[in-house]
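Written below as C-alpha cells is the structure these notes are about.
The values are calculated or read from the model by the stated rules, or taken from the named source; none is laboratory data. Values in this document were obtained by computation on a predicted structure and should not be read as measured data. Counting neighbours? That spans all protein chains shown, and the Cβs are built from the backbone with ideal geometry, glycine included.
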Amino acid sequence: MKGLVFNHCLMKTMSVLLVLSEVLLAGHSAKAQNIPIGDAVEVRPVDNGTALENPDMGWVFHHYDNSIGGYGPPLGSAYDGHEFPGLTVAYLRLAWSHLEPKEGRFNWSILDTPIQRYGAAGKKFAFRFTVFEGDPKQGTPEWVRASGARGTMVKTYGVESWEPDYDDPIFLGHLKRFLDEVGKRYGSNPNLAFVDVGTLGIWGEGHPIARNYGLATLRRHIELHQQAFPNVLLVGNDDWATWFHDEGKSKTAALDMARELGLTFRDDSLCVYPDPKTNYSAPLAQPFWPLHPVILEMGHYAMARENNAWGDGSRYLQAVEDYHGSYISIHANPIEFLKENADLVRRINLRLGYRLNLVWAAWQKGARHDSELVVGYSWRNAGVAPYLKDRYMTWSLFDTEGNLCATLIDDRFNMNLVEPGGKLIPIQHALTLPPGLKSGEYEIRVSVGDLDGTPRLQLPLDGDDGHHRYRLGKVTLD
C-alpha cells in the first residue's frame, strides 16, 4: 500500500512535468534544471568535453586536394586520422583525368586504398570530382578533348590549360558515363558522407574562367550528380551565386535552385584573405543549415598564415557560429595543424554540428517489476546545428551480472526536436517493463538511436559502456 501511495504521488508530480513539457515543446524553449519529480533518483550529467564523432558532422581531412599528391599521401600508408579529435571524414577531391585516364578504363585503387584505410579507423569518405584545375595535366581527360568536346585555352595564374565548355554535349555525355560508373561503385556505400557537385569552374568551386553560364547549365550538372548518386547528400558551392545567373532572376537564384533540389551548402573561401568580410558568405548559408549539414572549408593553412589571414584561428571558430557549420575542413597536414591549434580544435568541437546534452534525468527509486518505470529527463543541443534524423532515447536495464534485461525505447519524443542554442526540453513518460522481469537491482544506461534501441549517437557523457550506452545509476524493482 505504501508503494501504491508513493507511485500515486510520483505520478501526480510527474503529470505536472508532462503538462509543462508539452507547453515547452510547443514553444521549443524551456528552463528545466530544477523541476521537482517527487521521491525519485535524480542525476545531472555534465558535458565531459569529448570531441564527438557522430554522423553528419565533424572534421574533414583533405586527403587528396585537387592533386594526387594531396595532403594525405605524404603522411604515409599508416596514417588514418585517428589522432585528430572529431575527424570523421576523409575528403577525396580529384580531377577526372586521374580516375579515367583512358576511356572506359578506371583506376579505382586511387579511391579504394584511402577508403579502406580510413574506414578501418571508423572514418567516412566524401568526393569531389573536378574537370578543370588550371593545370595542363589535370582536369578533363585528354581523350575527351580528342573526341571532339569543345573548350577554350585559358590562362590562370600564369599557366595555360584547357577549360571544357560546360554545356558541350560531347563533354556532358562522357561526364555522365563517368559519374554513373562512380555512382554504381560507391553510391550505395553507407560510409559515403557527401558528394560535391564539382564539375563546374576551376578547382570545382563553381567559377568558370572562359565565360559565364546560366542556371540551365548549373541545373544540368546538378542533375547528372543526382542521377549518379540518388541517395547521397549533394553539395553546392557559395560561388554559384556569383557565377551562374539568368537575366531578371535574383542574385541568389542559383543557390535557391540548389536548395530546392535538395542540396546543401559549402563555403570554400574561409581564412583565405586577411579581411574577414572578403568572400564571407554566411548570409547565403542561412536557408540551408536548418535542412542539411553545412560544410566549411578553410584556405590552405600554410598560405593563410603567410597571408596573415589566420591569426589565432578565432575567425574559423566564428565561421562555425555564423554559418551554423556541421563539417569543417583540415586543409593542412593534420598532425601539424592539431599541434599548433589544439585549443582552437577543442573549442570548435564543443560547438560544431549538433551536441546533444542530457542535463537532467530522474526515475522512481522503486517500481513494480511487472508494471511501469516512470522517468523524466531534459535535453539541450549545445551545438550550432540541428540534429535532423529520427532518433529516440532508450533506457536500458542491466542486472548485476551485466546482462541486458530490458530495452525501454521512449518513442514518443524524437530527438530532432532538440534545437540548437542550448534550450532545454523536459520530458516525462511511463515506460512499460517487459514481462518476466525479476525483482532486484538494475543498472540504468541511456542511449540515443533507432526505434529498436540500437545506439547510434555518441554523447558527451562519462560512463560509456563501449556501445554508446551511458551509465546513469541504479533502480530497484519490487
Is one or more of the residues making up the range 45-63 in contact (Cβ under 8 Å) with a residue 40 or more places away in the chain, farther than 29 Å from Asp464 by Cα and in contact with a helix residue (DSSP H, G or I) (Cβ under 8 Å, 6 or more places away or on another chain)?
yes
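Filter the range 256-284 down to residues that are aliphatic (A, V, I, L, M) and in a helix (DSSP H, G or I) and give me whichever is surrounded by the most Cβ atoms within 10 Å (Cβ to Cβ). Even if it seems obvious, please write down each step before you answer.
As a first pass, look at the range 256-284 and keep what is aliphatic (A, V, I, L, M): 257-258, 261, 263, 270, 272, 282, 284.
From the residues that got through so far, the ones that are in a helix (DSSP H, G or I) too are 257-258, 282, 284.
On the way: Met257: 19, Ala258: 26, Ala282: 19, Leu284: 18.
Result: Ala258.
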Sole miss for Gly376 among (1) small (Gly, Ala, Ser); (2) within 30 Å of Arg351 (Cα to Cα); (3) out of contact with any Lys or Arg (no Cβ under 8 Å at 6 or more places or on another chain); (4) not in a strand (DSSP E or B) is condition (4)
Within the range 466-478, count every residue that is surrounded by fewer than 18 Cβ atoms within 10 Å (Cβ to Cβ), in contact with a Lys or Arg (Cβ under 6 Å, 6 or more places away or on another chain) and modelled with pLDDT of 95 or more.
1
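Please pick out the residue among Asn414, Asn349 that is under 18 Å from Asn54 (Cβ atoms) and touching a Lys or Arg at 6+ places or on another chain (Cβ under 8 Å).
Working: Asn349 fails: touching a Lys or Arg at 6+ places or on another chain (Cβ under 8 Å).
Result: Asn414 is the single residue among Asn414, Asn349 that is under 18 Å from Asn54 (Cβ atoms) and touching a Lys or Arg at 6+ places or on another chain (Cβ under 8 Å).
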Of all residues in the range 215-255 being surrounded by 16 or more Cβ atoms within 10 Å (Cβ to Cβ) and among the acidic types (Asp, Glu), which is farthest from Asp56 (Cα to Cα)?
Asp239
Is at least one residue of the range 151-174 within 26 Å of the chain's Cα centre (by Cα) and touching a residue at least 12 places away in the same chain (Cβ under 8 Å)?
no
If I go through the range 438-478 residue by residue, how many of them are farther than 12 Å from Met393 by Cα, in contact with a strand residue (DSSP E or B) (Cβ under 6 Å, 6 or more places away or on another chain), of a type in the set (Gly, Ala, Ser) and free of Cβ contacts under 8 Å to residues at least 60 places away in the same chain?
1
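Test of understanding: among Trp363, Trp379, which residue is crowded, with 21+ Cβ neighbours inside 10 Å, more than 30 Å from Val320 (Cα to Cα) and in contact (Cβ under 8 Å) with a residue 12 or more places away in the chain? Walk me through it before giving the result.
Details: Trp379 fails: more than 30 Å from Val320 (Cα to Cα).
Result of the check over Trp363, Trp379: Trp363.
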Per the filter on the range 317-355, residues of a type in the set (Ser, Thr, Tyr) and part of a helix (DSSP H, G or I) are Tyr323
